[in-house]
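Accompanying notes for the structure given below.
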Amino acid sequence: MAITSAICNSFKNELMTATHNFTASTGNTFKIALYTSAATLGATTTAYSATNEASGTGYTATGNTLTRVDPTSSGTTAYTDFADTTWSTATITARGCLIYNDTLTTPVADASVQVHDFGSDKTSTAADFTIQFPTADASNAIIRIA
């Protein structure tokens, strides 16, 4: 089992059909779910699954809803990002995460966007478990198209 950081192949295809809307005020709802080291996630992941999802005090299956940052561009790079998200007073161990579109029902429900491997298990014990997203700019934003 392994988690491999990647923009999901299905997401790349769905961009070409305007399936996902990242606009902050009127866009789709995106979520982030945490996974254990037993999960198999990567570029071929097509949708959210509860299989090997993290569990624990302060964590609810399907993860947290993300706050979107409006898409923009700089030079030849278009990008979007999310505000940091926290599971408060949580006892969780996670190896990685999946960002997915919780609004979609077609072409597949809960369509995957991106997978991230944390590099090792990350743990919180009755403390905040925070995902800190990079700066929303053309060089660092979590989702960039150059």
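Net length available on complete extension from T77 to T23 is 17.8 nm, with 0.36 nm assigned per residue and the Cα-Cα distance removed.
Calculate, for the chain, the solvent-accessible area per residue in square angstrom, rolling a 1.4 angstrom probe over the heavy atoms of the protein chains.
Working: 7100 Å² over 146 residues.
For the chain, the solvent-accessible area averages 49 Å² per residue.
Please report the carbon-and-sulfur percent of the accessible area for the chain; probe 1.4 Å, protein heavy atoms only, DNA, RNA and ligands left out. Could the numbers behind the result be given before it?
Details: 3500 of 7100 Å².
Here carbon and sulfur together make up 49 percent of the probe-accessible area.
Of all DSSP-defined beta bridges confined to the chain, some 95% are antiparallel rather than parallel.
The helix-based estimate of mean residue ellipticity at 222 nm for the chain, built from -39,500 (n - 2.57) per DSSP H run of four or more residues and divided by its residue count, is -1000 deg cm²/dmol to the nearest 500. Among S124, S139, the sequence by solvent-accessible area, most first, with a 1.4 Å probe is S139, S124. Residue separation of T91 and A38 scaled by 0.36 nm, minus their Cα-Cα distance, works out to 17.3 nm of gained length. Each Lys and Arg adds +1 at its Cβ and each Asp and Glu adds -1 at its Cβ; summed about the Cα centre, the chain shows a dipole of about 140 debye. Here the relative contact order of region 67-142, from alpha carbon pairs under 8 Å that lie six or more residues apart, stands at 38 percent.
The values are calculated or read from the model by the stated rules, or taken from the named source; none is laboratory data. Quantities reported herein were computed from a predicted structural model and do not represent experimental measurements. Methodologically, a virtual Cβ is constructed for each residue, glycine included, from the backbone with ideal geometry; neighbour enumeration extends over all protein chains shown. Areas reflect the complete protein model, heavy atoms only, side chains present, ligands, DNA and RNA absent. Shrake-Rupley method; radii C 1.70, N 1.55, O 1.52, S 1.80 Å.
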